[in-house]
Amino acid sequence: MRLEIFTTGGTIDKIYFDAKSTFEVGEPQILEVLREANLSIDYQVVPLLRKDSLELTDEDRQVVRQAVENSTASHIVITHGTDTMIVTAKALTDIPGKTIVLTGAMQPARFRFTDAVFNVAGAMTAAQILPAGVYIVMNGRVFDPERTRKNIELNRFEEI
């Protein structure tokens with residue numbers, strides 16, 4: 001089984017630019033996360049976008065959709081910003097024959113305390129064992145995008 005990972009940016013890839021005193025989306029951080037994990041599965045990382053999810057457009061979502069449709073892999077993970085992850089997940093729901101899992105992080109992967117590693121590990125496992133469909137993996141849970149929301153106050157995803 002081959003797993004394909006598409007990156008779109010979001011908090012998981014944010015890095016601190018000291019000269020600007022701001023966080024900006026940088027290079028995909030998942031490569032470092034996976035390198036440190038000592039994985040024994042066949043995977044490929046394909047960077048698609050480097051945007052905060054609030055900046056993603058319908059055209060960007062079409063780029064993601066096209067990449068998933070064109071992929072020869074049937075198991076897909078997409079790293080994504082948390083603010084519009086649900087919107088993108090819903091835009092992928094009618095792609096047949098693929099298990100598609102979106103994940104991200106509330107804290108950048110480069111931070112000492114981050115949920116990125118846990119979320120990526122959960123998403124990669126979910127993509128290997130769940131049936132075809134679209135899912136969100138965050139906060140130790142698997143969510144159906146149609147019945148999920150981001151609770152900004154509690155800084156987590158939850159079922160609605």
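Right, residue 141: farther than 17 Å from residue 13 by Cβ and either touching a helix residue (DSSP H, G or I) at 6+ places or on another chain (Cβ under 9 Å) or free of Cβ contacts under 8 Å to residues at least 40 places away in the same chain (or both) or not?
Taking the combined requirement at face value, the residue satisfies it.
Please work out which residue is surrounded by the most Cβ atoms within 10 Å (Cβ to Cβ), limiting yourself to region 49-64 and to residues that are among the polar types (S, T, N, Q) and not in a loop (DSSP other than H, G, I, E, B).
Among them, the one singled out is 53.
Which condition number does residue 154 fail, the rest of (1) part of a loop (DSSP other than H, G, I, E, B); (2) closer than 29 Å to residue 1 by Cα being met?
All conditions pass for residue 154, except number (2).
Filter region 1-46 down to the residues that are out of contact with any helix residue (DSSP H, G or I) (no Cβ under 9 Å at 6 or more places or on another chain) and modelled with pLDDT of 85 or more, then identify the one that is nearest to residue 105 (Cα to Cα).
44
Within region 87-128, which residues are crowded, with 22+ Cβ neighbours inside 10 Å and of a type in the set (A, V, I, L, M)?
Correct list: 89, 100, 101, 102, 105, 109, 116, 120, 123, 124, 127.
State which residue is modelled with the highest pLDDT when the search covers only region 92-106 and only residues that are outside any strand (DSSP E or B) and within 14 Å of the chain's Cα centre (by Cα).
My answer is 92.
Which of the following residues is part of a loop (DSSP other than H, G, I, E, B) and of a type outside the set (Phe, Trp, Tyr): 114, 125?
After applying the criteria, what remains is 114.
Go through (1) assigned to a helix (DSSP H, G or I); (2) over 14 Å from residue 12 (Cβ atoms); (3) free of Cβ contacts under 8 Å to residues at least 24 places away in the same chain and name the single condition residue 146 misses.
(3)
Any residue in region 66-84 that's assigned to a loop (DSSP other than H, G, I, E, B) and of a type in the set (D, E, K, R): show its pairings with residues that are surrounded by fewer than 21 Cβ atoms within 10 Å (Cβ to Cβ) and modelled with pLDDT under 95 at Cβ separation under 7 Å, as long as the two are six or more apart or on different chains.
If the second residue must be surrounded by fewer than 21 Cβ atoms within 10 Å (Cβ to Cβ) and modelled with pLDDT under 95, the pairs left are 83/54.
The values are calculated or read from the model by the stated rules, or taken from the named source; none is laboratory data. All values reported here derive from a predicted model rather than from experimental measurement. Heads up, the Cβs are rebuilt from the backbone with ideal geometry, glycines too, and the neighbour counts pull from every protein chain shown.
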